[in-house]
Amino acid sequence: MAVCGIAFNGASDCRGFLRVRTARPLKRLKAPSGASLPRRAYLPFQTRCFSDGRTATESGPREDGLRSPGSEEESDLTDLGPVMRFRMSDFSTCNHVSIGLAGRGDEMIFEAIVKDPDSTLYQSRVVLRQLTTSHSQRRGRRALEVLKKLARLQLMYHSYAMQVYGYLYQSDKEDHGSFTLVHGYHGSYSLKHWLQLSDWLPTLEATLALDEEWVRRVGDDRVGGPAVTRQLRITRILMRDLLIGVNYLHSHGLAHTQLRLENLHISPVDRHVKVGILGNAVDFYDSSLNGTADAKSDRRQLMIAFDMRCVGFIMAKMVLRELMDPAVFINFKSFLTKGNDPSCLREHLLPILCRNSPSGNAGLQMLDRNWGAGWNLLSLLLATKPSERISCRDALRHPFLCGPRWRIEPSVNIIRWGLGSTVVKIAEEYIYSQPQRSRLAHFIELMEMMNPHSNPADWVELLPGRWRLLYSTGRHIGLTLRQTPSRVLIGDAHLTFESPTGGATFSAASEVGFKAMAMNQWPHDKSGVSGRLRAVPSSFDLSQGRRLFMDEAAAQEESAARELLERKWKKMGSGRRIPLSLPAAKFVAGDVDVELTFDSSLPSVDLAKGVLREVRIQIPPAMFDLSRIVCGTYLDARLLVLRVIDGSALLFARSCFHDP
């Protein structure tokens, strides 16, 4: 009997049911219900018919030297305890292949039902993955080796990994140019295909059959709710399952190395996420590699870090649906590969996320919840240095993946991140009442007290870059209710630091963008003449300094003032004594030159003078007179706080190094 199948071309988009018949001609491709089949899905597929032990495309002996499974390697496979050996007569081949099983160019996929009544898998649906090249066959045999290694804890293996049952035995008369792996069938879709459905959220909720008992496993206390809450709950369930499965592999000395949405499946039976076939799993400690203990430890750390980075990309696509667009995802990855810190992802992605969602982006709302805990977890998964990436166990205890019923003791870094995220969210509201301004000033002071980098040597490493002004405690940035003589709309204000020598001497330059409109009233179309106010780069030195809150002798005499100071800092913990001063980085700037430019000419010189006067009113003077900056009181990878000569604070967020 001839068996016909579909060989996948790597350039094709494998969506739609791929029809497979035994001894009958192939039918047309048919799209599944609820999913569209693009035109390119009908592009190149290769059809191969197997008969008399040889493919129609092969003539003569193989030249790659691959040994057949029926010879020496057959005996190696029979030594694998939990591996089962099947024959083709044990299966009844189905007439279709689910789209979630999309393979590579060196694989052919079949769905089948086990019809052997003596088998433990009788009447079970399985997948026959025929591997046709030497490289793909090594992946298949590696999957069987991993199965033997993980056989001691089969319950965990079956719960969080795709089940591999065995291989298809071939007699001497059959074709030995291929190797067929038999593994479990866990639904029609991969996680990528689930997320591409227009109604993916209710469909996934129905598949997982969420109830109150199930949601308690992620620390939640109810089902339903707004769409953002439901999506966050689903994300927690899927991410926790994925992390448990990956941690199971890491605890057994294995790295998956191929974690992608296409390799993840959701089983409708036990409602768990299944990590894909472990054909590319790598041992942390390879006996064939010689090296010191430190080298082996570094190898283990790098492999775990690689898997965690892949988990970070999966989480980003699950939460931010815009990243399912290949062009947006390439932009996302290029931001990281250019050396930008992942903690600045929100600043980079905010224009993209708000472009098509003026009423609010669901993914942005999810990551902003719980004081920006989602952005923190994403930055830890995608950290630039492998040693700084979070482990599976720590990620499972992260506030973003823990529901409201679980009490999580946050670390100092999480508290510091939450303070900064809260300040940024309040500053983005733009219209500030007095309670908001007081709250912002208080939070900035708390951030200064928790400054992680008080040593100027740390500032030399972290300060260089482009910083966008978010808020000033001394002046309302932008428009107010006052009637302005010149109609000027302020854009972004940036402060750029560079260290030409790599030492404590920096050059600083500021740039304020704006639009000027030569009208007495505000027009509906605010596309006026664009202009920029620049402070020409000037040098300044960075040294150690302290910001004094109160002189110690005066503090002893003025008990009322000390009591006021204690009330200000009481929320930082009853066990800590109030600070009389805090370490800071002292700025000593030189002369500054300022220049004003317009993209096109204005009607009169008086209008240009009025525009300059209005810009200087709306923008803090320290932005175009850098000599007013006295010291820096807070710095991390994403936020910067500078104090000016009048005591007010300027809050900055790091912009992408390569932004125009």
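Derivation of every value follows stated rules applied to the coordinates shown; laboratory data play no part. Just so it is clear, the model here is predicted, and its values are computed rather than measured. Heads up, the Cβs are rebuilt from the backbone with ideal geometry, glycines too, and the neighbour counts pull from every protein chain shown.
Structure above, values below:
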quantity	calculated
Which of N280, S391, L197, positive extreme of dipole for segment 193-408 (C-beta unit charges)	S391
FRET efficiency, 1/(1 + (r/R0)^6) with R0 25 Å, evaluated for D394 and E212 via beta carbons	0.35
Exposure proxy order (Cβ contacts within 10 Å, fewest to most) of S538, S421	S538, S421
Relative exposure of T597, T505, judged by other C-beta atoms within 10 Å (fewest first)	T597, T505
Segment 247-264 and segment 364-410: distance between their alpha carbon centers, rounded to Å	19
Stretch gain in nm, segment K338-H442, where the contour uses 0.36 nm per residue and the Cα spacing is subtracted	33.9 nm
Ranking of V273, V97 by count of other Cβ atoms within 10 Å, fewest first	V273, V97
Long-range HN-HN contacts of S655 with modeled amide H, under 5 Å	R466, W467, R468
Hydrodynamic radius of segment 193-408 per Kirkwood, over alpha carbon pairs, in Å	18.2
Separation of alpha-carbon centers, segment 311-356 and segment 211-241, rounded to whole Å	24
Relative contact order (%) - segment 193-338, alpha-carbon pairs under 8 angstrom, separation at least six	19
K149-K115 pseudo-label distance in nm [points 7 Å out on the Cα-to-Cβ vector]	3.8
Rounded Å value of the spacing that divides the Cα centres of segment 416-477 and segment 513-540	25
Rounded to the nearest 20 debye, dipole of segment 158-270 from Cβ charges on Lys, Arg, Asp, Glu	380
Paired Rg and Dmax values of segment 216-279, which use every Cα atom, in angstrom	13.6, 41
